[in-house]
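See structure below.
Computed from the coordinates by the stated procedures, all read-outs in this text should not be read as laboratory data. Note that the structure is predicted; figures quoted are calculated from it, not measured. Here the Cβ positions follow ideal geometry from the backbone for every residue, glycine too, while neighbour counts run over all protein chains shown.
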Amino acid sequence: MSYIENKLQIAISQAIQFLYQIENIEIILQPTRKEFKGSHTFVTFNLAKNLQKNPELVGNEIGNYLLQNYADLVTGIQIVKGFLNFKIANKIWLQLFTDVQNKENFAQNPTKNMRVMVEYPSPNTNKPLHLGHLRNIFLGDSVSRILAADGYEVIKANLVNDRGIHICKSMLAYQKFGQNETPQSANIKGDHLIGKYYVAFEKHLRIELEPFMAKIDNKDFTDFSAEHQPKIKALTEQIEKFKDNRKEEKKYNDAKSGLKQIVQNYTPLMREAQEMLQKWEKNDENTKQLWTKMNGWVYEGFDETYKNLGVTFDKFYYESDTYLLGKNIVEEGLQKGVFYQKEDKSVWIDLVKEKLDHKLVLRGDGTSVYVTQDLGTADLKYKDFKIQKSVYVIGDEQEYHCQVLFKTLEKLERPYAKGLYHLSYGMIELPEGRMKSRDGNVIDADDMIVEMKKVAQLKCEEFGHIKDYSDVEKEKLYGQIGLGAVKYYLLKLDPKKKIIFKPEESVEFVGDAAPFIQYNHARTCSIMRKANELKIDFSANSYQNYEHLHEAEQNLLELLLSLPTQIAEAATAYSPAVLAQYSYEIAKSYSKFFTECSIFQAETEHAKSFRIALSSFTQKTLKKSLALLGIEAPQKM
């Protein structure tokens, strides 16, 4: 699009210079909104303010100047208040189309000579990947692809949370109830096996909690220390106060969670888990052997899931290697006056001016908290790759943590601090409510892939276009449609929005869904196969005299040529939703073109060749835009 924008900017500058004797003014163009006519818009408000003229009058004057003096460029204008919209000559669009349609790198924006790391999905090794992880994985993978297409050098990193109390819960449950079960003996993936014991731990923990909670219900707090009794009483009062108030549901849930966090530490099972964590941190040989064995099972399971999802990583970091990092940074911060120390030796940072309160960065006993580790990991990533940007793909419940981390690194004057970005995303819920791993009511990613494949099969059989497919072709198609459907469903909304996932809705062959887009890609492939069978020439020379474009041709052509702009917009916003919507618009536009413009029975040979060339370019553009979402584009459907 820069070809047209450059020509239009020169023309507008010339108009302003001639009409108002103003030189060297910056001309900023923007895409015309869909409800108006044209492709490019120049906003006249600022210029009109400087000229002390009506914005519409200024728009009229500039627009008419271009119509009179640049008729080979601008063939129509529309003024809406201070917005001057331009219709570009068909000849210009066709010239641009001819220039770019055969370029392999059309969808690759110029290099920015900048290195960016995208970190996702940071799973815990106590359970398999589930539907909630899928949004994280698909976001991280798609953003990585988009940034690379926009000219960045991208490193895809995965920080695995492989230590801590939650890992010890699975280990202890396996130790108590596992009876030396293995993935092979149980005939299930290793990550699913470990998840089974995480759920088992929580099940037994609830049983051990019951007598403590019964005493609390009876206002008996004698089982608890003097330190905890006031907190337990206060939380109990909050639970009672908010339990029937739907407007205060968050406060109610927070109080219940806070109470459980305190009370569970009095159960024998939780105390054993804490003892196991202490043994791990002291490098107890038996504990470390069990940890290594169980984590190995999980990694094998994760690798299989990643492969099935079509995602890869360039670098793995492990919390077991990084959790002690950051202590030297805390000492550095104390010397610089960025941190301060309390009487109990704990170290804090004052972020009150940033509206983030005071934040603990090191406990009084010298042990790390999450932000300590993350400070050290941030330094390690910069040391390894000298990145200028770092994108953290993390759920919106960690918004505060990321703000604290980024502001702390900024105060520590880290060279990469200004390039940190939290790609925050909303949670996924099922129609029946939120998923919880500890309760075992999540949808595993592996199960989701299988289920979506089955749904795709039913839809394809209902659609009825696969009778001549071999079994191998059918299986491949079901996988492409099923996985593509869930990826698109989770990417088509702004990342910050919460998603209620409905599998049946995602696999639709009409409307805003991946199968509709994939079907239109397959339709273009069918056109190309027929054109090649008939040996039809659709090179630029074959339609060079074709200029009277049908409206459907014009709209489709303009849309296709905007791919580099769409990539840049998606990269700037870190939003695959931009490319998802763009892919859908192409599919709709091609479907309209296909309906309204005969291809092989076109009115002239020039029209036939152009429409085949336009179909070819649609195929390439759709394939690329879907690929940026991590979605495969079937050649037959």
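Taking every alpha-carbon pair in segment 228-357 and binning the separations at 5 Å intervals from zero gives 2, 7, 9, 9, 10, 14, 16, 17, 12, 4, 0 percent. The simple Förster model, with R0 at 22 Å and r as the Cβ-Cβ distance, assigns Val80 and Ile25 a FRET efficiency of 0.55. Stokes-Einstein diffusion coefficient for segment 2-88 at 20 °C in a medium of 1.002 mPa s, Rh from the Kirkwood formula over Cα pairs: what value in µm²/s? Here the translational diffusion coefficient equals 169 µm²/s. Relative to the longest principal axis of the Cα atoms of the chain, the long axis of helix 165-177 makes an angle of roughly 60 degrees.
For segment 188-260, the equivalent ellipsoid built from the Cα gyration tensor has semi-axes of 29, 18, 10 Å, listed from largest to smallest.
A simple charge model with +1 on the Cβ of Lys and Arg, -1 on the Cβ of Asp and Glu and nothing else charged puts the dipole of the chain at about 440 debye relative to its Cα centre. Note that segment 60-66 has calculated 3J(HN,Hα) couplings of 4, 5, 5, x, 5, 4, 5 Hz, one per residue in order, obtained from phi through the Karplus relation 6.51 cos²θ - 1.76 cosθ + 1.60 (θ = phi - 60°); glycine and proline are x. Converting phi to 3J(HN,Hα) with the Karplus coefficients 6.51, -1.76 and 1.60 and the offset θ = phi - 60°, segment 609-625 yields 4, 5, 5, 5, 4, 5, 5, 4, 5, 4, 4, 5, 5, 5, 4, 5, 5 Hz in sequence order, with x at every glycine or proline. Rounded to the nearest 500, the helix-only mean residue ellipticity at 222 nm of the chain stands at -18000 deg cm²/dmol, with each DSSP H run of n ≥ 4 adding -39,500 (n - 2.57). The alpha carbons of segment 322-384 stretch over 34, 27, 20 Å along the principal axes, in descending order.
Note that segment 445-627 shows a convex hull volume over its alpha carbon atoms of 129 Å³ per residue. Taking GluC sites (Glu not before Pro) across segment 581-614, the ones in a DSSP loop with at most 15 further Cβ atoms lying within 10 angstrom of their Cβ are Glu603. Short-range pairs are left out: with C-alpha atoms under 8 Å and at least six residues apart, the relative contact order of the chain is 15 percent.
Using only the Cα atoms of segment 450-490, build the gyration tensor, take square roots of its eigenvalues as a ≥ b ≥ c, and label the shape rounded, prolate or oblate: rounded if a/c is under 1.5, else prolate if a/b is larger than b/c, else oblate. It is prolate, given that a/c is not under 1.5 and a/b is the larger ratio. Computed on the Cα trace of segment 71-212, the radius of gyration divided by the Kirkwood hydrodynamic radius gives Rg/Rh = 1.32. Each principal axis of the chain carries a Cα extent, and these read 90, 67, 50 Å when sorted largest first.
Calculated translational diffusion coefficient of segment 162-315 (25 °C, 0.890 mPa s; Stokes-Einstein with Kirkwood radius over alpha-carbon pairs) equals 137 µm²/s.
The distance between label points at Asn245 and Asp384 comes to 4.7 nm (points 7 Å beyond Cα on the Cα→Cβ vector). Restriction of the GluC sites (Glu not before Pro) in segment 504-538 to DSSP coil positions whose beta-carbon has at most 15 other beta-carbons within 10 angstrom yields Glu508. Taking trypsin sites (Lys or Arg not before Pro) across segment 259-297, the ones in a DSSP loop with at most 11 further Cβ atoms lying within 10 angstrom of their Cβ are Lys282.
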